[in-house]
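The values are calculated or read from the model by the stated rules, or taken from the named source; none is laboratory data. Quick caveat, the model's predicted, so the values are computed rather than measured. Quick reminder, even Gly has a Cβ in these numbers, built from the backbone with ideal geometry, and neighbours come from all protein chains shown.
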Ligand code: GLN
C-alpha cells in the first residue's frame, strides 16, 4: 500500500489497528520525498534525520497525530530548526522558540519546512529567494502562493497534511491550484504566536489537507485562545468534525454576482456553477447575493497589507537577528543589510507601505483604505443576514505558467481577487477541489477550487458544506502523475 497517499484519519486508523507501524509511515513519506522532491521542490528544508530521531518521543505523546508526518510553511517558528521565510534575510535564522500552532500539534513528526513567496508576499512562490516550487499537476506551472510549498507537498503526497498561512489568499489559492483542501480560519481563531508577521490584521494560520475531514481534525487541534497572541479570540472551540456528515438540506448558499466577472476563465466559472448545482441537488438553496464593494478589495488590501508589512519588517535591521551586512557606520549597515536581505517584491511592498503611512499621505491612503475595509466587512454582514454560506471560485483561473506574471505585479495581485475580501472581513473560508480544466495538446488537466465562505467563527458550517460536497464528488481522489 502506498501509505504516503493517505490522509491523517486514514493513517491513524491503520496505526491504531496496528496494520502498519509508525516507521512504515515515515519510510513511505520520506521515500516519496526522495523520489519526487527534485521535480516539485516543495521544501526549503527536509527534516528526515530529525523525524526518525524524534519518532519515539512523538509516539509517547499518544495523540491523534502521533507519528504522522506533516509539513509546515517556513514562516512558522520551529524551535531549533531553521526558519527562513524564504528570504535571504532569515536564511540562517534558527528560532529559539516554537510557535503556538505547531506546538499544539503534539505528537506530529515534522517532514520539513515548505517553500513560500518571500515573507508570504506573492501568489506563485516565484518570489522565494531560493527556488520556485512546481505545480505537481504540470511542472511547467506554478503551484500558487504564498503557501505554494505546503500545497504542492500535500498534492504530491510528500506529507500527510500541512499548515499554511493566509493573509490575502495564501492558503486557499494554492490549495485550489494544486487540487487540495485549504482552510483560512476566522481572524482570531488560531494563535499567530511564532508566525513571522506580514500584515498582522490579516494573517491567519490554517490547514492544507487531502480531504475535508483532515481539515476539521487539524482545526480542532490548532484553534483556541492563546495568551501569547492578544489577537487570538477567547471563544470556545467546537468539535469541527462533529458537523461532518450532517445533511445540508435547507442550507442557504449565497452566490455573489460580483464573483463571476469578465475576464475570468470560463472553465473555472462553469466548474463553480456546477458545484453550486451539486450543492443544490444535496438540498441546499442557492440565492443570489451582492457584495457591492468587491471591486475595491484588491486596492484596499494592497494599501493595508503593504502598510502593515512596512512596519512589521522594520525589525530586520541587522542588529537583532537575521542577516547583517557591515557598513561604514550604523545607517550604512542598515542600508546594506536591507538592500541585500530583501528581494524585489518585499522592497516594493515596504516602499508602498512607507509611502501610504507617511505624513500628508496617510489620510488619503491608509485611512481611506481602512474606511473601505469597513464597507467590505459590512457587505458580508449584510449578505449573511440572508444566507449561511457564500460560494465563489477560489481563483479566477487555473495554475498559470511559471514566469507568466512575474514582470507585471498588478497581474499577479489579481490572482487574489476572490480571496482577499475574506481576509479584510476576517471571516473564515475553505477551498475544495471542484473540477479540472483540460488543457490543449494532451497536457494534464488542472484543478479548480470552490471557495465556501462562512460567518465569523462558523468554520463548522463551511466544513459541513464542503464535506457534503466532497462526499458527493470524486475530485479529491484524483492524484497528479509524477
Ligand atoms: N498574494 C497575496 C499577497 O501577495 C496574499 C499573500 C498571502 O496571503 N500571504 O499579498
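Kindly establish whether residue 60 is closer than 27 Å to residue 220 by Cα, out of contact with any helix residue (DSSP H, G or I) (no Cβ under 8 Å at 6 or more places or on another chain) and at pLDDT 95 or above. Spelling it out, residue 60 is indeed closer than 27 Å to residue 220 by Cα, out of contact with any helix residue (DSSP H, G or I) (no Cβ under 8 Å at 6 or more places or on another chain) and at pLDDT 95 or above. Per this entry, residue 279 is counted among residues that are surrounded by 15 or more Cβ atoms within 10 Å (Cβ to Cβ), assigned to a helix (DSSP H, G or I) and over 23 Å from the mean Cα position of the chain (by Cα). For the range 393-430, the candidate set comprises residues that are without any contact (Cβ under 8 Å) to a residue 40 or more places away in the chain and within 14 Å of the ligand (Cβ to nearest atom); within that set, the residue that is farthest from residue 183 (Cα to Cα) is 408.
Give the residue that is nearest to the ligand (Cβ to nearest atom), with candidates limited to residues of the range 179-203 that are within 21 Å of residue 465 (Cβ to Cβ) and not in a loop (DSSP other than H, G, I, E, B). Before you say what the answer is, go through the steps one by one.
Residues of the range 179-203 that are within 21 Å of residue 465 (Cβ to Cβ), as a first pass: 179-187, 189-190.
With the extra rule that they be not in a loop (DSSP other than H, G, I, E, B), the set shrinks to 181-184, 190.
On the way: 181: 17, 182: 11, 183: 13, 184: 8, 190: 14 Å.
Going through the qualifying residues, I end up with 184.
Each residue in the range 116-159 was checked for being in contact with a strand residue (DSSP E or B) (Cβ under 7 Å, 6 or more places away or on another chain) and over 19 Å from residue 447 (Cβ atoms), and 3 of them qualify. The numbered conditions (1) within 16 Å of the ligand (Cβ to nearest atom); (2) touching a residue at least 60 places away in the same chain (Cβ under 8 Å); (3) farther than 30 Å from residue 136 by Cβ are all true for residue 352 except (2).
A Cβ distance below 9 Å, combined with a sequence gap of six or more or placement on separate chains, defines the contacts here; from the range 151-168, residues that are within 16 Å of the ligand (Cβ to nearest atom) reach residues that are assigned to a helix (DSSP H, G or I) and at pLDDT below 95 in the pairs 168/413; 168/416. Quick one: is residue 397 surrounded by fewer than 24 Cβ atoms within 10 Å (Cβ to Cβ), more than 17 Å from residue 297 (Cα to Cα) and within 18 Å of the chain's Cα centre (by Cα)? Yes: the conditions hold for residue 397. Of the candidates 341, 322, 360, 283, the single residue that is more than 16 Å from the ligand (Cβ to nearest atom) and without any contact (Cβ under 8 Å) to a residue 24 or more places away in the chain is 360.
With the structure loaded, tell me whether residue 271 is at pLDDT 95 or above, more than 16 Å from the ligand (Cβ to nearest atom) and in a helix (DSSP H, G or I) or whether it fails that test.
Numbers: at pLDDT 95 or above: yes; more than 16 Å from the ligand (Cβ to nearest atom): yes; in a helix (DSSP H, G or I): yes.
Criteria met by residue 271.
Of all residues in the range 383-392, none are within 16 Å of the ligand (Cβ to nearest atom) and surrounded by 19 or more Cβ atoms within 10 Å (Cβ to Cβ). Does residue 125 fit the bill of being more than 11 Å from the ligand (Cβ to nearest atom) and in contact with a helix residue (DSSP H, G or I) (Cβ under 8 Å, 6 or more places away or on another chain)? No; evaluated as a whole, the condition is false for this residue. If you go through the range 154-175 and keep only what is within 21 Å of residue 103 (Cα to Cα) and not in a loop (DSSP other than H, G, I, E, B), you end up with 154, 161, 162, 163, 164, 165, 166.
From the list 2, 13, which one is within 20 Å of residue 105 (Cβ to Cβ) and surrounded by fewer than 21 Cβ atoms within 10 Å (Cβ to Cβ)? Can you show your working first?
Numbers: 2 fails: within 20 Å of residue 105 (Cβ to Cβ).
Selected residue: 13, the only one of 2, 13 that is within 20 Å of residue 105 (Cβ to Cβ) and surrounded by fewer than 21 Cβ atoms within 10 Å (Cβ to Cβ).
Is there a residue in the range 201-211 that is touching a residue at least 12 places away in the same chain (Cβ under 8 Å), crowded, with 24+ Cβ neighbours inside 10 Å, over 21 Å from residue 113 (Cβ atoms) and in contact with a strand residue (DSSP E or B) (Cβ under 8 Å, 6 or more places away or on another chain)? Checked the range 201-211: at least one residue is touching a residue at least 12 places away in the same chain (Cβ under 8 Å), crowded, with 24+ Cβ neighbours inside 10 Å, over 21 Å from residue 113 (Cβ atoms) and in contact with a strand residue (DSSP E or B) (Cβ under 8 Å, 6 or more places away or on another chain).
Highlighted here are the helices (runs of 4 or more DSSP H) found entirely within the range 365-440 that include at least 3 residues which are at pLDDT below 95: 409-413. Where residues in the range 135-144 are buried (at least 24 other Cβ atoms within 10 Å of the Cβ), on the phi < 0 side of the Ramachandran plot and not in a strand (DSSP E or B), which of them is nearest to the chain's Cα centre (by Cα)? Selected residue: 143. The set of residues in the range 100-121 being in a loop (DSSP other than H, G, I, E, B) and more than 16 Å from the ligand (Cβ to nearest atom) consists of 105, 106, 107, 108.
Residue count for the range 426-466 under the criterion of being more than 19 Å from the chain's Cα centre (by Cα) and surrounded by 24 or more Cβ atoms within 10 Å (Cβ to Cβ): the result is 2. Test residue 164 against the criterion of being modelled with pLDDT of 95 or more, under 22 Å from residue 456 (Cα atoms) and over 15 Å from the mean Cα position of the chain (by Cα), and give yes or no. No.
In this structure, does residue 229 turn out to be farther than 24 Å from residue 347 by Cβ, more than 14 Å from the ligand (Cβ to nearest atom), in contact with a helix residue (DSSP H, G or I) (Cβ under 9 Å, 6 or more places away or on another chain) and part of a loop (DSSP other than H, G, I, E, B)?
Details: farther than 24 Å from residue 347 by Cβ: yes; more than 14 Å from the ligand (Cβ to nearest atom): yes; in contact with a helix residue (DSSP H, G or I) (Cβ under 9 Å, 6 or more places away or on another chain): yes; part of a loop (DSSP other than H, G, I, E, B): yes.
Yes.
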